[in-house]
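Structure, as structure tokens:
The values are calculated or read from the model by the stated rules, or taken from the named source; none is laboratory data. On a predicted model such as this, the values are computed, not experimentally measured, just so you know. With ideal geometry, Cβ positions are generated from the backbone for all residues, glycine too; neighbour counts draw on all protein chains shown. Note: areas computed on protein heavy atoms with side chains; ligands, DNA, RNA excluded. Shrake-Rupley method; radii C 1.70, N 1.55, O 1.52, S 1.80 Å.
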Amino acid sequence: MKKLSKKNQSLLLLLVAAFLVLPLSPGEQKFQYSFAQGKPWQYGLLTAPYDFPILKSKEQLEQEREEVKQSILPFYRVNENVEKEVIAKWTEDFNAAYASSYPKDYYIYVRGFIRRVYTENGIVNEEERVAMEERNLDEINLLTGSESRSYPVALLYSIADAYEALLNNTPEELNRDIVKKLFPAEQLKVNVYPDQATTAKVTNEELKKIPNNIGIVLKDQRIIGRGEIVYGEQYSMLSSFKEAYESKTGLGSTILWRRVGLLLLSLLMFTSVWLFWYNFRPRFFENIKNSFFVASSMLFFILVTQLVMRLYPAAVYAIPFAVLPIIVRPFFHSRMAFFLHLVTVLISSLFVSDALEFFFLQLAAGMVAVYSLKTLNSRGQLVLTSFLVFLTYVVISLTLALNLKGAIEKEDFVKLLYYAFNLVFLMFSYMLIYPIEKVFGYVSNVSLVELSDINRPLLRQLSEIAPGTFQHSMQMSILAAEAATRIGADAQLIRTGALYHDIGKMLNPSYFTENQGDAGNPHSALSYKESAATIIKHVTDGYTIAQRHGIPKSVSDMILTHHGKGKVKYFYRLYCKEHPDEQVDPAPFTYPGPNPFTKEQGILMLADGVEAASRSLKIYTEETIRALVDSITNSVLEDKLLDNTPLTFQDITTIKEVFVDKLKTIYHSRIAYPKESEQEKREKAKKNLTEESLVLQEGKEKTNEGSATQQEQAPEE
């Protein structure tokens, strides 16, 4: 099976990320309009896309349900066995203990009372009796067997009330105290119990009869227009439409098609990222880690948005979306950072209820983050960017509130708390840069600034072993960094690359002119090919040293490309001159390359040639410097060493001008002034003669003073 190319691997990785958006996506679609009672409608004319009922408000339904509950009489059930049990117990006790001592009239009275109280009245426990009074119940539903009847609450006794009635109704011929002695209150039992199951069943049946809607909205019927106040029936219609919309999108078939639509949108968005790389950043595909870093970063914010919208939707504004461009910008271009932020926010807005406000806020925050963080050299820059993003959130949020609602309300100020959490997250995003560098092999400006510190061991070693090379690298970094700034390239990267580009010379420093001094030239003992090989070797040696010391790839690549596939022309020409009849193979005199493929590498190559050649000039004037810069640049262009770089002719013209200006400053060259007129020459000559006479006179006086001093000091010596 043919292995996928890196471009196709990147595309496949992005498509997998698009599929991973689905698992946490909500089943139902959130209503896309935001409205509040008493506020103006912020959108255009809204008509019903289909029929839906006008639902009663929750308050109205709750009130009707409460009224139904209060109107239903509670059900109580009679236990017919209680009467028999109490009479049987009374008969047994009387016959066993009291029949021989007391007249039977006591037995007959008590038994008759028991029958009346259970048959004509009924006994409930004290708590139920109090509850009935609190509800002001006049009647209850009393169940006897399978029959139900309304029963006056006034006829029901508690045990205490029933016993008191027994004693109070004692006939005159009987002694009340004896009745109390013979039949204690504990003999009476409750025979009427609440039947909660029946009460709940009947209540639920009645509650089901309450209609949930008060009307219906027909398809294409007008609901509300822009600027109208959301109130009364319109509020009910909007609330009903929202519920119908979300419930309709939550149906099985609808969910399926919604997920299909979401998948297609995600695929489209992630594919657009791939197309951006394909058209504008083709070198991005060289490392599959790049695609993984971008896809995982985007997917993280999308999934966090989905999770927050499920758990606590209001906190979606606390998600620090600006972190994405902040962590992408130090490693890639600003346009890529902003484009990735844009796509991430677009996909995330699919899951947010107020998508327009969310998208507007995050878009503005991303723009400010990218524009305010052109380079990340220190933590202070990130702190400033974080505060600017926070201010953007606050200003845009309050401005939107004024524009859409005509006032700033309490909920708008609550959002400021989420923006504050966002600010904290942004300030700590600085800590993400280092692990990202280690995991994905990137290098940020912070690391480049640290690498360009001349007190680092490797650079200090270069300055000690090859001081001439070190000075050359320092001068070259000045030229290259200024040129990079002028054409919009990465000045910090090229400054660091310039300091390290010749570290390979440390292994054979004396073979390079800038380090030879008066010690002689060791090349005199070598053949031209051996000399060329020694010179060329500083590139591969430098790359090996850089790898050993963990120098980032973007810097070590400059070591390999600062000569590209150019030739060691000095020894090549000498060899050709000595072998005029030989077909000379240029390979032994050619650097291994590759040729530069970035703006920074191209600038470095030009700066290296110009700075080294400038040391050989005998006269430093603007004309000689410009001629030198033109010569070196034209030679590089003729050899087609810059063909793989994105440098334009305009860029090269600007670079040349920067080199000329900088070299003039370094070597203090003077600009030739316009020729003087004859009159000016005569006046200047006259003035010079006068000044010369004064100088000669002053010199004579100083000479005489010196002679006198020497005469005075001679004896002491």
Taking 25 °C and 0.890 mPa s as the conditions, I'd like the Stokes-Einstein D for the range 249-339 in µm²/s, using the Kirkwood hydrodynamic radius from alpha carbon pairs.
162 µm²/s
Among Phe589, Leu256, Leu14, the residue whose Cα sits farthest towards the positive end of the charge dipole of the chain (+1 at Cβ of Lys and Arg, -1 at Cβ of Asp and Glu, taken about the Cα centre) is Phe589
If N is the number of residues in the chain, what value comes out of its Cα radius of gyration divided by 2.2 N^0.38 Å?
1.82
Hey, what's the chain come to in accessible area per residue, 1.4 Å probe, Å²?
55 Å²
Which of the aspartates and glutamates could a cross-linker bridge to Lys209, judged by Cα under 20 Å and excluding same-chain residues fewer than eight apart?
Glu59, Glu62, Glu64, Glu66, Glu67
For the range 274-287, take each phi angle, set θ = phi - 60°, evaluate the Karplus expression 6.51 cos²θ - 1.76 cosθ + 1.60, and give the result in whole Hz per residue in order, putting x for glycine and proline.
4, 5, 4, 5, 4, 8, 10, 9, x, 5, 4, 6, 5, 10
If you find the alpha carbon centre of the range 311-330 and of the range 505-525, how far apart are they in angstrom?
57 Å
Rounded to the nearest 500, what is the 222 nm mean residue ellipticity of the chain from helices alone, with -39500 (n - 2.57) per DSSP H run of 4+ residues and division by all residues?
-20000 deg cm²/dmol
Suppose we take every Cα in the range 519-656 and form the convex hull; what volume per residue is that in Å³?
147 Å³
Euclidean distance of C-alpha centroids, the range 205-233 and the range 443-457, integer Å
67 Å
Computed over the Cα atoms, what is the radius of gyration of the range 471-542 divided by 2.2 N^0.38 Å, N being its residue count?
1.34
Computed over the range 1-103, Cα set: Rg, Dmax in Å:
38.0, 116
With the cut-off at 1.5 for a/c, could you classify the range 56-191 from its C-alpha gyration tensor as rounded, prolate or oblate?
prolate
The range 525-582: Rg/Rh from Cα coordinates, Kirkwood Rh?
1.13
Over the range 390-463, consider all pairs of different Cα atoms and compute the Kirkwood hydrodynamic radius from their mean reciprocal separation; express it in Å, one decimal.
16.1 Å
D_trans [Stokes-Einstein, Kirkwood Rh over alpha-carbon pairs] for the range 300-365, 20 °C, 1.002 mPa s, µm² s⁻¹:
179 µm²/s
For the range 261-312, the spread of Cα positions along each principal axis, largest first, Å:
41, 23, 13
Return one number: the angle in degrees, 0 to 90 and rounded to the nearest 10, between the long axis of the Cα atoms of helix 81-93 and the longest principal axis of the Cα atoms of the chain.
50 degrees
Quick one: helix 467-487 against the long Cα principal axis of the chain, what's the angle to the nearest 10°, folded into 0 to 90?
60 degrees
My understanding is that a pair violates if its Cα-Cα distance is over 31 Å; which of Lys529/Lys640; Lys39/Lys208; Lys56/Lys219 do that in this structure?
Lys39/Lys208
Computed about the Cα centre, the charge dipole of the chain from +1 Lys/Arg and -1 Asp/Glu charges at the Cβ has a magnitude in debye, to the nearest 20, of 2280 debye
Carbon plus sulfur fraction of accessible area for the chain, probe 1.4 Å, in percent:
56 percent
From the phi of every residue in the range 50-62, what ³J(HN,Hα) in whole Hz does the Karplus formula 6.51 cos²θ - 1.76 cosθ + 1.60 yield, where θ is phi - 60° and glycine or proline is x?
6, 5, 7, x, 8, 7, 5, 5, 4, 5, 5, 5, 5
Mind ordering 604-610, 42-48, 488-494 by average Cβ neighbours within 10 Å, highest first?
604-610, 488-494, 42-48
For Glu139, what residues show an amide H to amide H distance below 5 Å, using hydrogens built from the backbone and excluding near sequence neighbours?
Val153
Using the Karplus curve 6.51 cos²θ - 1.76 cosθ + 1.60 with θ = phi - 60°, what ³J(HN,Hα) values do you get for each residue of the range 361-374, in whole Hz, with x for Gly and Pro?
5, 5, 5, 5, 5, x, 4, 5, 4, 5, 5, 8, 10, 4
Give me, ordered by chain and number, the residues 5 or more places off Val217 or on other chains with an amide H under 5 Å from its own placed amide H.
Phe52, Ile54
Could the peptides 342-351, 571-580, 422-431 be put in order, highest first, of the mean number of other beta-carbon atoms found within 10 Å of their residues?
342-351, 422-431, 571-580
Residues with amide H under 5 Å of Ile224's amide H, sequence separation 5 or more or different chain, H placed in the peptide plane at 1.01 Å from N; which?
Leu46
Could you give the angle, 0 to 90 degrees to the nearest 10, between helix 410-427's Cα long axis and the longest principal axis of the Cα atoms of the chain?
40 degrees
Principal axis dimensions, the range 275-384 - Cα atoms, whole angstrom, descending:
40, 32, 20
For Glu127, Glu228, write out the residues from largest to smallest accessible area, computed with a 1.4 angstrom probe and no ligands counted.
Glu127, Glu228
